[in-house]
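Working notes, beginning with the structure itself.
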Amino acid sequence: MESQQAAPTGAPASTWCGELELTGAPAVTGVRPYGGQPRARVLVRLHGDPVGYVDVPAAGAGPDAAEVARAGRERHAPPIAAHLEAEGVRWAPGDEVPAPAAGCPGLVASDTEVTVVVCTRDRGQALAGCLERLAALTHPHLELLVVDNAPSDDGTRRVVEAFAARDPRFRHVVEPRPGLSRARNRGLTEARGAVIAYTDDDVAVDPGWVQGLLRGFARRPDVGCVTGLVATAGVDSTEEAYFDARAASWSTRCEPELYDLAGSARDDVLYPYSAGVFGTGANFAFDTAVLRDLGGFDEALGAGAPTRGGEDLDVFVRVLRAGHALAYEPAALVWHHHRADHAALLRQLYGYGTGLTAYLTKCLLQPDVRRDLVRRIPGGVRHAVEIRRRTGERLGEDVPPPRGALASEVRGYLTGPALYLRARRASARSRASA
């Protein structure tokens, strides 16, 4: 389920993705090296804040920074002007962009202790790249916790110990029971920080990621969860193009937003159960005490459980129903490497399907939620059809949907309820024997 946010359309099957800071950055940079792609999608940033994307031609050494800056100032003049006005600076689209002033929101410091948790299983090579980016985080009060989930060897431990030898912020713990929610709950048990942030081992975090998350918590005193922008790291295959088109609700939005159940009226007929609008588990953080009060993640949901997903959707709604607010903060930026081959994409889409209907089954099993949700089912069906239509529009005519994508997701929808009931029984037996 996703938001109505517009996304870049007509993306070809090979698009280089990068970013440019408007205040004089000499080049466009990306988490993947430029490889001769004919087009580039560039995230334009102002004093670190994402303001929007521009699509430009690319050749030679990559997209021209001056052209990207010109296009960015022209296309995203309103958010640029609003950002600078908040700093007390008047600006017109033809002007150069000044350096940050004293009132720049990105310069706000915090002494909050933050625990960053990465859950991983037998992916030492991918993990090393993730940890390199975590080591470059600039927030001064950090604990970096790697949860080694049901490992088959000591590869992950050796990778983490190598990082810990030069950076004592890193810590390695083992969760012997397989499952992402179990691993995340182990991280919650171990966390020392007042805020706990989660990301995945296929994600590259921005150096200012944690400061962005903390800005989300500072927006209102009742914020219990913050999600952030998960930008596409690259589009080098039809499969990546399709996933990119599907992920627009959390990969393109550059405006902060607050959600709650008290005063935030939403046009979405499924709100708040259309939980994909809030963000994704690749980039979210919680007030540690709030998450502990909620009991952590539902271990019958998530990767590694039969349901394969849905744990992030579930916890978002539980945060809201407990009376807390949720903040979407684009300054909390990470870059995501999408599924690049056909089989991996189909498995991911199947897991999206099972996770969604497993989470909805959990909602239907709660009498107070069931009454509210059942009346929204017709609108939900229309919403699902609309998602597919908008995904096709974003892909454009040049990139056909991968064969079997819809069928895999529909199979997931159909099997998710039974998988949740099975996982729920298994989780209860596991707790009883513990």
* Asked: Would a scan of the stretch 306-323 turn up a residue that is out of contact with any Leu (no Cβ under 7 Å at 6 or more places or on another chain), hydrophobic (A, V, I, L, M, F, W, C) and over 23 Å from F243 (Cβ atoms)?
  -> yes
Okay, helices (runs of 4 or more DSSP H) sitting entirely in the stretch 319-434 with 2 or more residues that are under 25 Å from the mean Cα position of the chain (by Cα) and modelled with pLDDT of 75 or more, I get 342-364, 405-433
Given (1) surrounded by fewer than 24 Cβ atoms within 10 Å (Cβ to Cβ); (2) within 17 Å of the chain's Cα centre (by Cα); (3) more than 24 Å from R375 (Cβ to Cβ), Y259 misses just (3)
Every listed condition ((1) within 16 Å of R186 (Cα to Cα); (2) of a type outside the set (A, V, I, L, M, F, W, C); (3) touching a residue at least 24 places away in the same chain (Cβ under 8 Å)) holds for G295 save (3)
Note on the stretch 168-199: residues farther than 16 Å from P151 by Cα, without any contact (Cβ under 8 Å) to a residue 60 or more places away in the chain and hydrophobic (A, V, I, L, M, F, W, C) are F170
Taking the stretch 25-60 and keeping residues farther than 19 Å from A82 by Cα and touching a residue at least 40 places away in the same chain (Cβ under 8 Å) leaves A25, V28, G30, V31, R32, G35, Q37, R41, D55, A58
Counting only residues in the stretch 47-83 that are of a type in the set (G, A, S) and within 22 Å of Q211 (Cα to Cα), the one surrounded by the fewest Cβ atoms within 10 Å (Cβ to Cβ) is identified as A82
Check: Residues in the stretch 237-248: is at least one in contact (Cβ under 8 Å) with a residue 12 or more places away in the chain and under 23 Å from A136 (Cα atoms)?
Finding: no
Could you go through the stretch 263-271 and let me know if any residue there is more than 30 Å from L142 (Cβ to Cβ), crowded, with 24+ Cβ neighbours inside 10 Å and among the aromatic types (F, W, Y).
no
* Asked: Looking at this structure, is R253 basic (K, R), in contact (Cβ under 8 Å) with a residue 24 or more places away in the chain and surrounded by fewer than 19 Cβ atoms within 10 Å (Cβ to Cβ)?
  -> no
Looking across the stretch 97-106 at residues that are surrounded by 11 or more Cβ atoms within 10 Å (Cβ to Cβ) and free of Cβ contacts under 8 Å to residues at least 40 places away in the same chain, the single one that is farthest from T15 (Cα to Cα) is G103
Of those in the stretch 63-88 that are modelled with pLDDT under 95 and in a loop (DSSP other than H, G, I, E, B), the residue nearest to the chain's Cα centre (by Cα) is E87
Here the qualifying pairs (Cβ atoms under 6 Å; residues six or more apart or on different chains; first in the stretch 76-88 and closer than 13 Å to P100 by Cα; second buried (at least 20 other Cβ atoms within 10 Å of the Cβ) and modelled with pLDDT of 95 or more) come out as I80/L46; I80/V51; H83/L46
Note on the stretch 225-250: residues under 19 Å from R347 (Cβ atoms) and either touching a Leu at 6+ places or on another chain (Cβ under 7 Å) or of a type in the set (K, R) (or both) are E239, A241, Y242, F243, A245, R246
Here the residues within the stretch 292-317 that are assigned to a helix (DSSP H, G or I) and either in contact with a Ser or Thr (Cβ under 8 Å, 6 or more places away or on another chain) or surrounded by 20 or more Cβ atoms within 10 Å (Cβ to Cβ) (or both) are E311, D312, L313, D314, V315, F316, V317
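The values are calculated or read from the model by the stated rules, or taken from the named source; none is laboratory data. Keep in mind that this is a model prediction, so the values were computed, not measured. Counting neighbours? That spans all protein chains shown, and the Cβs are built from the backbone with ideal geometry, glycine included.
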